[in-house]
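K.L.:
Below is one structure. I have some questions about it.
Readers should treat all values here as calculations from the given coordinates under stated rules, not as data from a laboratory. Since the model is a prediction, treat every value here as computed from it, not as a measurement. Ideal geometry is used to build each Cβ from the backbone, glycine not excepted, and the neighbour counts take in all protein chains shown.
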């Protein structure tokens, strides 16, 4: 598998690393391990950023999906997002926050905490995120 030489920088530019902002609250409040928490929200953050990171995701698609010639950038970017979405369930990890002890009533509070107290971690996200959008991402995996 060939990775672009600047893949880490590209991933961060595409907002993938911004999943870490949402992950921090999961670890701090519910002691979900760093990697597991990141995996839980990463696909949703990537999907959220698709409008602004389509070109990057299309470039990265062949790194995850070998042997496919995509017809266009839209198809490649969507295939990349779908592949990321498939990875967590395929890993055998718990895929629902509720199954890891996260309470539904904590979701708005965590989203507000990310938005107000650690917003610096999402300042460079390709798409601006509101507290409501952060909460929606948490709800997708609740």
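K.L.:
Determine, for each peptide in 111-118, 135-142, the mean count of other beta carbons within 10 angstrom over its residues, then list the peptides with the highest first. If you can, show how the numbers build up before the last one.
P.N.:
Values: 111-118: 16.8, 135-142: 18.2.
Ranked from most to least packed, the peptides come out as 135-142, 111-118.
K.L.:
Just to be sure I understand: with springs between alpha-carbon atoms less than 10 Å apart, which residue in 65, 46, 84 has the highest mean-square fluctuation in the Gaussian network model of the chain?
P.N.:
Evaluated over the chain, the most mobile residue of the options is 65.
K.L.:
What is the angle, in °, between the Cα long axis of helix 34-64 and the longest principal axis of the Cα atoms in the chain? Nearest 10 is fine, range 0 to 90.
P.N.:
Around 30 degrees separate the two axes.
K.L.:
Let me ask you something else. In percent, what relative contact order does the chain have, based on Cα pairs under 8 Å that are 6 or more apart in sequence?
P.N.:
31
K.L.:
Still on this model: Percentage of Cα-Cα pair distances in the chain greater than 26 Å, rounded to whole percent?
P.N.:
The share of Cα pairs beyond 26 Å in the chain comes to 23 percent.
K.L.:
Over what distance in Å are the Cα centres of segment 95-142 and segment 21-57 separated?
P.N.:
One Cα centre to the other: 9 Å.
K.L.:
Cα axis of helix 131-140 to longest principal axis of the chain: angle in degrees, 0 to 90, nearest 10?
P.N.:
80
K.L.:
To continue, here is another question. Angle, helix 73-91 long axis vs. longest principal axis of the chain, Cα atoms, 0 to 90°, nearest 10?
P.N.:
Its long axis makes an angle of about 50 degrees.
K.L.:
With the crude spin-label approximation of a point 7 Å out along Cα→Cβ, what separation in nm comes out for residue 124 versus residue 70?
P.N.:
2.3
K.L.:
Right, another one. Among 26-35, 88-97, how do they line up from the highest to the lowest mean number of other beta-carbon atoms within 10 Å?
P.N.:
26-35, 88-97
K.L.:
Right, something else. Order by neighbour count: 128, 74, fewest other Cβ atoms within 10 Å first, most last.
P.N.:
With the fewest neighbours first, 128, 74 line up as 128, 74.
K.L.:
Ok, one more. Pop the C-beta distance of residue 104 and residue 132 into the FRET formula with R0 = 25 Å and round what comes out to the nearest 0.05.
P.N.:
Numbers: r = 15 Å, r/R0 = 0.62.
E between residue 104 and residue 132, to the nearest 0.05, is 0.95.
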